[in-house]
Amino acid sequence: MTTARSHEHTNIKGEVDPRDLLQIGRLLSPEEVLVQETARRFVEDRVLPDIAEWYEQGVFPKELAREMGALGLLGMHLDGYGCAGTSAVAYGLACMEMEAGDSGFRSFVSVQGSLAMFPIWAYGSEEQKGEWLPRMAAGEAIGCFGLTEADSGSDPSSMRTNARMVNGDWVLNGSKMWITNGGIADVAVVWARTEDGVRGFVVPTDAPGFTTNDIHQKSSLRASVTSELVFDEVRLPADAVLPGVAGMRGPLSCLNEARFGILWGVVGAARSCYEASLDYTKERVQFDKPIAGFQLTQRKLVEMALVVNKSYLVALHLGRMKDDGLITPAQVSFGKLDNVRNALSVAREARSTLGANGITLEYPVIRHMNNLESVFTYEGTNEIHTLILGQAITGLAAFR
Ligand code: TGC
Ligand code: FAD
């Protein structure tokens, strides 16, 4: 009886789709599938044909911002002010497809939507929202997020950038380092020390005294602009401060949003590496047979497939939790920590299966592998997320 029932419930003749082994797509709504397909088409048509060249030249094609805006990809999980107002899962799926193209594109979408638009949307005045959000959603204005400094990375609360009131204006001094989109931004959300603790400022990048220096000679995230921001007596009106938040909770709450996009995005990068490896190893013949026919290669492919599918399930579960308003920062850390390190291991494994070809930009794998080294570090390093989770499960903080 038990045997008969289990047969009824098992599709014993069914074949698996190696590109969707667990059919996770079945768990998505038609609207979510539509968002995913839209982002995937954009990547196939507008990113993949040129990405190797952009990566090699070290440029981000900022003219594509308006196309991403027209597709509703910028600030897509926010409501109103020209934003698409999608679910968190839909936002995650878009991040996954963007990063299957290149982490630089997912970074662009993360920084614009989760780090620059989100604080204005959540903590800004009506004037700040009206002035910036519609243009940012359309990709007409580009944003960046300045938290990290040269001497304050994992511990941003040690920042030195400061703002003081002088004759009714704010005067901003200091610098920020490693800022994505910095050199191409129209507006920067800058976190600075004030008499009332850390506050966020909405700073137009053409303000006198504001300069940027792009960081060169990167071997990772080359199709993305990373810059230093320098503030030398930058004078801002009193209403440049974000009125809705004070203290480190402001910037750290934005990180929850961006880390959520990352834990989805890296599934896309891992999937791209796995698929490149699968295609290559089925074609590449050594010792008179395709290398995919060797047990050692199959083990690599299977490990990659397991990781891609498990990471996707973690992302989807966390996405549903977020849509239900239940997700906690520690759960976001779970996904950021584990999905990023797993994606990196997939990229390294995939790289080995491509042999010498694996070191060229003709295939996406080494590009993803190098990009993921940045993703491993930014938005909280592997160690910081380990400590956040350590604190969550023990009740004891071990950061200091
Ligand atoms: P701590 O004393 O624990 O907290 C200070 C205040 O903040 C609150 N808080 C949070 N609120 C919301 N979400 C979170 N995740 C929060 N974490 C903490 C906390 O409740 C407290 O509030 P209140 O009201 O009681 O004052 O803070 P700490 O200074 O000990 O720091 C904790 C730690 C180490 C976890 C934090 O500093 C951290 O996450 N460090 C990592 C830094 C980081 O991730 N930087 C990312 C910079 S942006 C970036 O990398 C962009 S990459 C972009 C791209 O291209 O995709
Ligand atoms: P550090 O904090 O100096 O860490 C160095 C090492 O020490 C790491 O392994 C770390 O885990 C370890 N470590 C530190 N503290 C502890 C501890 N308590 N216990 C154990 N180990 C510890 N920042 C922004 O604000 N905006 C951006 O847009 C942005 N974009 C970025 C883009 C790129 C390409 C990169 C690479 C970085 C970007 N960052 C951005 C900065 C990023 O968030 C920081 O690099 C990151 O937070 C780590 O800081 P750090 O590089 O100073 O490393």
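The values are calculated or read from the model by the stated rules, or taken from the named source; none is laboratory data. Keep in mind that this is a model prediction, so the values were computed, not measured. In this analysis, Cβ positions are derived from the backbone assuming ideal geometry, glycine residues included, and neighbour counts consider all displayed protein chains. The protein model used for the area step is the full one, side chains on, heavy atoms only, and it has no ligands, DNA or RNA in it. Shrake-Rupley method; radii C 1.70, N 1.55, O 1.52, S 1.80 Å.
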Simple spin-label estimate for R66/F294, 7 Å along Cα→Cβ, in nm, reads 5.1
Measuring from the longest principal axis of the C-alpha atoms of the chain, the long axis of helix 295-323 (C-alpha) lies at a number of degrees, nearest 10, equal to 40
Rounded to the nearest 10 Å², the 1.4 Å probe accessible area of E373 is 80
By accessible area (1.4 Å), largest first, H317, H368, H216 order as H216, H317, H368
Largest fluctuation, A116, A246, A305 only, Gaussian network model of the chain with Cα springs under 10 angstrom, belongs to A246
With 0.36 nm assigned to each residue of separation and the Cα-Cα distance removed, E303 to T394 gains 29.6 nm
Once S253, S114 are ranked on solvent-accessible area with the largest value leading and a 1.4 Å probe, the list reads S253, S114
The helix 88-101 Cα axis meets the longest alpha-carbon principal axis of the chain at an angle in degrees, between 0 and 90 and rounded to 10, of 70
Answer in debye to the nearest 20: the dipole magnitude of region 143-240 about its Cα centre, from +1 Lys/Arg and -1 Asp/Glu charges placed on Cβ, is 220
If unit charges are put on Cβ atoms (+1 for Lys and Arg, -1 for Asp and Glu) and the dipole of the chain is taken about its Cα centre, the option from S227, G80, T394 lying farthest towards the positive end turns out to be T394
The helix 329-353 Cα axis meets the longest alpha-carbon principal axis of the chain at an angle in degrees, between 0 and 90 and rounded to 10, of 50
SASA check, E63, accessible area w/ 1.4 Å probe, all protein chains in place, rounded to nearest 10 Å², comes out at 130
So the number of lysine pairs in the chain with alpha-carbon atoms under 19 angstrom apart, 8 or more residues apart or on different chains, is 8
Of every hundred units of 1.4 Å-probe accessible area on region 249-394, the number belonging to carbon and sulfur atoms, as a percent, is 57
Over the chain, the sum of -39500 (n - 2.57) across DSSP H runs of at least four, divided by residue number and rounded to 500 deg cm²/dmol, gives at 222 nm -15500 deg cm²/dmol
Put D239, D17, D206 in order of accessible area, largest first, probe 1.4 Å, and you get D206, D239, D17
Measure of exposure for W54: accessible area at 1.4 Å probe, Å² rounded to 10, is 40
Once the dipole of region 1-110 is set up from charges on Cβ (+1 Lys and Arg, -1 Asp and Glu), the residue from the list Q57, V89, G14 lying farthest towards its positive end is G14
Taking every other residue with Cβ under 15 Å from the Cβ of L263 and scoring Lys and Arg +1, Asp and Glu -1, one gets +2
In a Gaussian network model of the chain with springs linking alpha carbons closer than 10 Å, the residue among A356, A276, A347 that fluctuates most is A356
About its Cα centre, the chain carries a charge dipole, from +1 on Lys and Arg Cβ atoms and -1 on Asp and Glu Cβ atoms, whose size in debye to the nearest 20 is 1160
Expressed per residue, the solvent accessible area of the chain in Å² (1.4 Å probe) is about 46
